[in-house]
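In what follows, a structure is listed as structure tokens, so that the remarks can point back to it.
The values are calculated or read from the model by the stated rules, or taken from the named source; none is laboratory data. Model, not experiment: these values are computed from the prediction. We place every Cβ from the backbone using ideal geometry, glycine too, and count neighbours over all the protein chains shown.
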Amino acid sequence: MFITLDHIQVSYKTKAGHIHALKDISMEIREGEFLTIMGKSGCGKSTLLNVLGTILRPTEGHYHFQEEDILHLNDASLAGFRNKNIGFIVQNFALLPDETVYKNVALPLHYQKVGRSTRQKKVRSILKQMGLFSQRHKYPYELSGGQQQRVAIARALVTEPKLLLADEPTGALDEETGTAIMEILRQINEEGTTIVMVTHDKDFAEYGSRCLTMKDGDLVS
């Protein structure tokens, strides 16, 4: 199995007591799947995505990625694993405002210490694929919301990740632009990338090959 979560729990201690963000999550994700996760705000969707992205260590449980229990890795090794294997897309794009489109997309390759020549080829290729090559010298504020999200997708894909995590990728976009972004994600998935996407939009959730629903930190369907 590509990904297996076993009895994942995430809890926080507050003045009011313990908050159980994830109660007891066990699930499997197949390689090449397009999994969508729905649920009301505060139900644990983003927390689950952060566990999958290794940004958040669970309080309890096991996370196997291609049979390796990656929670045994120390923080430095986990960061290396994340940069090599996982791409992220978020609602607010998270682009560096003072850097060009080209430099925003190239950033993950710098972290991987990819050589200049290879880096240039990869960035140019993904920008052309996303229809952004002519915009490469522009800054994020010069782009539309849809263009900014395509830059964010290009940045997530430039390292050729095995897993792409999308947290409300259409949340800041109008319906037409959101649909265009979903078509891009569908194409990426059809080319072999495993995608897990959190969304509140039922229509966009149906782009996935499987949809799960969360409620109060639990998977209910």
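Looking only at the stretch 179-201, filter to residues that are hydrophobic (A, V, I, L, M, F, W, C) and in a strand (DSSP E or B); which one of those is farthest from Gln129 (Cα to Cα)? Outline the logic, then answer.
Start the filter on the stretch 179-201 by keeping residues that are hydrophobic (A, V, I, L, M, F, W, C), which leaves 180-182, 184-185, 188, 195-198.
Narrowing the set further to residues that are in a strand (DSSP E or B) leaves 195-198.
Numbers: Ile195: 18, Val196: 21, Met197: 21, Val198: 24 Å.
Per the stated criteria, the residue is Val198.
For the stretch 1-57, enumerate the residues that are of a type in the set (D, E, K, R) and buried (at least 21 other Cβ atoms within 10 Å of the Cβ).
Listed by number, the list holds a single entry, Lys45.
With respect to Arg124, determine if the residue is of a type in the set (D, E, K, R), in contact with a strand residue (DSSP E or B) (Cβ under 8 Å, 6 or more places away or on another chain) and modelled with pLDDT of 95 or more.
When the stated conditions are applied, Arg124 does not pass them.
One line per residue, one yes/no per condition, for (1) closer than 30 Å to His18 by Cβ; (2) surrounded by 19 or more Cβ atoms within 10 Å (Cβ to Cβ):
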site	(1), (2)
Gly131	no, no
Tyr141	no, no
Leu164	no, yes
Gly178	no, yes
Gln187	no, no
Gly192	no, no
Met197	yes, yes
Tyr207	no, yes
Asp218	yes, no
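Pull out all pairs, ordered by first then second residue, where Cβ-Cβ is under 9 Å, the residues are six or more apart or on different chains, the first lies in the stretch 31-58 and is closer than 13 Å to Val220 by Cβ, and the second is in a loop (DSSP other than H, G, I, E, B) and among the hydroxyl-bearing types (Ser, Thr, Tyr).
So the pair list comes out as Ile37/Thr199; Met38/Thr199; Lys45/Thr199.
Of all residues in the stretch 97-110 being surrounded by fewer than 13 Cβ atoms within 10 Å (Cβ to Cβ) and over 13 Å from Val151 (Cβ atoms), which is farthest from the chain's Cα centre (by Cα)?
Asp98
Go through the stretch 16-57 and count every residue that is assigned to a loop (DSSP other than H, G, I, E, B) and either out of contact with any Lys or Arg (no Cβ under 7 Å at 6 or more places or on another chain) or under 18 Å from Ile188 (Cβ atoms) (or both).
13
Is it the case, given these coordinates, that Glu60 is in contact with a strand residue (DSSP E or B) (Cβ under 7 Å, 6 or more places away or on another chain), surrounded by fewer than 16 Cβ atoms within 10 Å (Cβ to Cβ) and under 22 Å from Arg186 (Cβ atoms)?
Values: in contact with a strand residue (DSSP E or B) (Cβ under 7 Å, 6 or more places away or on another chain): yes; surrounded by fewer than 16 Cβ atoms within 10 Å (Cβ to Cβ): yes; under 22 Å from Arg186 (Cβ atoms): no.
It is false that Glu60 is in contact with a strand residue (DSSP E or B) (Cβ under 7 Å, 6 or more places away or on another chain), surrounded by fewer than 16 Cβ atoms within 10 Å (Cβ to Cβ) and under 22 Å from Arg186 (Cβ atoms).
Acidic (Asp, Glu), farther than 27 Å from Gly39 by Cα and surrounded by fewer than 21 Cβ atoms within 10 Å (Cβ to Cβ): is that true of Asp174 in this structure? Write out each step before concluding.
Numbers: acidic (Asp, Glu): yes; farther than 27 Å from Gly39 by Cα: no; surrounded by fewer than 21 Cβ atoms within 10 Å (Cβ to Cβ): yes.
So Asp174 does not fit the description; no.
When the stretch 90-122 is examined, which residues are found to be within 24 Å of Leu173 (Cβ to Cβ) and β-branched (Val, Ile, Thr)?
Val90, Thr100, Val101, Val105 - these are the residues of the stretch 90-122 that are within 24 Å of Leu173 (Cβ to Cβ) and β-branched (Val, Ile, Thr).
Please work out which residue is nearest to Gly192 (Cα to Cα), limiting yourself to the stretch 63-93 and to residues that are surrounded by 15 or more Cβ atoms within 10 Å (Cβ to Cβ) and aliphatic (A, V, I, L, M).
Once the filter is applied, the top-ranked residue is Ile86.
For the structure I just gave you, tell me whether Gly44 is closer than 23 Å to Glu168 by Cα and at pLDDT below 95.
yes
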